[in-house]
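Below: the structure, in structure tokens.
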Amino acid sequence: MQTAAYPPPSLPSQAHSDPVRSSVGHLLARAYALPCSTAAQAFAQLVQSTARFQLALDALLPLLDSSRSELSQRILVSYILYSLYAPHPIAINPFKSVLFETFIKERDDALQLAKANAASQNEPLVWVLWKILKGDGRDIGPYSPSTLARSPLPPKLRASNLFLDEENQAEKATFDPFRDDHPDRAAQSRTPSSDVDKRSSIDWTPLDHRNPATSEADERMQILSQGMSLLLAARERVLTLSEQRTLMPLISQLTNPAIITSLDLSPIIAHNSTLAHPLLASILTIPPSIENPLGATVYLDMLADLPPTLPTFDLLGRLLRDATPVADYLTGGKVAIADLVRTDVLGRFIQQSVRWLDHAGQEERQGLVSDDRFAKGVQNLCRFYHSLLKLNIVDAASDADSAEMAHFALRNARFEEANALYRALAAGKF
């Protein structure tokens, strides 16, 4: 079963201009390795209570209905739809009929494949929907969607053995929870959970038969879901000091696997530069895997393309002094973050910054911009390079290191910082 990160779900067009919908899209795409209950709590924190029902209609149901959606996403969506009304019996959940219809369809498809001696990859979804519809949705909470999607089911929990009592009563397909004769709880299965004694990587025993979760574990899960929400929000706004203190200790948990993509780096750096270094350093420590053989190299590529701004210079300066060991995807050994960034990022970043500033200068001369981005950019890039010389990160005597910056400084020698840098580079030493 594929467990690698996949692109954010395709949400309605207004998602591009709605930060909440954008955050929900990223949540659904990246939270597949976190417990279902944690992801559901993050969804509830991202979306105001008055907007959850409509957003569920717009963003969640299309993913549940689409056979093209990843199995892990469909499992997560099913749990979120259940969790929105989890304090109440499943019978009065407004999404019950949709969950029921999906259960019937997916189970029938699995049965058809079984007749042809084939297995449906969606059987874990059938089991998840069955658990939810019979009132045991809370059993799903501790497990991640990816774990549920790839764990083999015991024979008694295969789709051919999963039925709901209400299937025998057609009128319950459009169940009215306000009728006097409605059941107190969701219908019980023909296959009692107590009959199942086989295990796989998941403990299939009903939650009531296990040790109850402690309040400490519940609190940890709540903190983790809050951290997930804050990390997604960091792309859109400046976090308060209190929010940063909450998020900082959780970064290692939220970056393995990373719930943000490389495309999120630039807005996070722009809005919350103090988070950028520990966030990226944590991502870089994730070793390559079968699903992701290049590890965090996509984040390095994005780092090289960042604009030459003060937050970017600050981040690079911190990374170039970071001795934390990480996997070297070329040799398979270990290398310090500083060496990795020096080798794979710095040269490309300098080249991109020079091109960016040359273009900004051209726009300024053509009267297309009226701000001082070019002047500030030249001054800041030259100061940054001076710092690299002082730290012996680059060699003033090496043409390979400094030739491009020497030409850039000479072209812009009217600025004091560029003039000073050119003189130092021309002397071949610092």
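The stretch between residue 369 and residue 256, if pulled fully straight at 0.36 nm per residue, gains 36.5 nm over its current Cα-Cα span. Once the mean of 1/r is taken over each pair of separate Cα atoms and inverted, segment 286-430 shows a Kirkwood hydrodynamic radius of 16.3 Å.
In whole percents, the pair-distance distribution calculated for segment 355-430 from its alpha-carbon pairs, binned every 5 Å from zero, is 3, 17, 28, 22, 15, 8, 5, 2. In this structure the amide hydrogen of residue 326, modeled in the peptide plane, comes within under 5 Å of the amide hydrogens of 335, 336, 337, none closer than 5 places in sequence on its chain.
Sequentially through segment 234-244, phi angles give Karplus couplings (6.51, -1.76, 1.60; θ = phi - 60°) of 5, 6, 10, 7, 7, 6, 6, 4, 5, 5, 5 Hz, Gly and Pro residues having no value and appearing as x. The phi torsions of segment 138-148, fed into the Karplus equation with coefficients 6.51, -1.76 and 1.60 and a -60° offset, translate into couplings of 5, 5, 6, x, x, 9, 7, x, 5, 5, 5 Hz, rounded to whole numbers, with Gly and Pro shown as x.
Calculate log10 I(q)/I(0) of segment 12-158 for q = 0.11, 0.18, 0.19 Å⁻¹, where I(q) comes from the Debye formula with a single equal point scatterer on each Cα and nothing for solvent. Here the Debye-derived log intensity ratios amount to -0.39, -1.03, -1.15.
Find how many whole Å separate the alpha carbon centroid of segment 333-355 from the alpha carbon centroid of segment 240-287. With segment 240-287 and segment 333-355 each reduced to a Cα centre, they are spaced 19 Å. Taking amide H positions as modeled 1.01 Å from N, with prolines and chain starts lacking one, no residue 5 or more places away or on another chain lies under 5 Å from residue 258. Counting only protein heavy atoms and using a 1.4 Å probe, the accessible area of residue 312 comes to about 0 Å². Net charge in the neighbourhood of residue 340 (other residues with Cβ under 11 Å of its Cβ; Lys, Arg +1, Asp, Glu -1) is -2. Sort out for me the Cα centre separation of segment 110-165 from segment 71-108, rounded to whole Å. After rounding, the separation between the Cα centres reads 13 Å.
The phi-based Karplus calculation (6.51 cos²θ - 1.76 cosθ + 1.60; θ = phi - 60°) puts the 3J(HN,Hα) values of segment 352-361 at 5, 5, 4, 4, 4, 6, 4, 5, 5, x Hz, whole numbers, x for Gly and Pro. Full extension of the chain between residue 244 and residue 298 gives 16.9 nm of extra length, using 0.36 nm per residue less the Cα-Cα distance. Placing pseudo-labels 7 Å out from each Cα toward the beta carbon at residue 44 and residue 390 gives an inter-label distance of 5.1 nm.
The values are calculated or read from the model by the stated rules, or taken from the named source; none is laboratory data. In this text, all values refer to a predicted model and were calculated from it rather than measured experimentally. Because the Cβ atoms are built from the backbone with ideal geometry, glycine has one as well, and the counts that use them run over all protein chains shown. These accessible areas exclude ligands, DNA and RNA; they are computed on the full protein's heavy atoms, side chains included. Shrake-Rupley method; radii C 1.70, N 1.55, O 1.52, S 1.80 Å.
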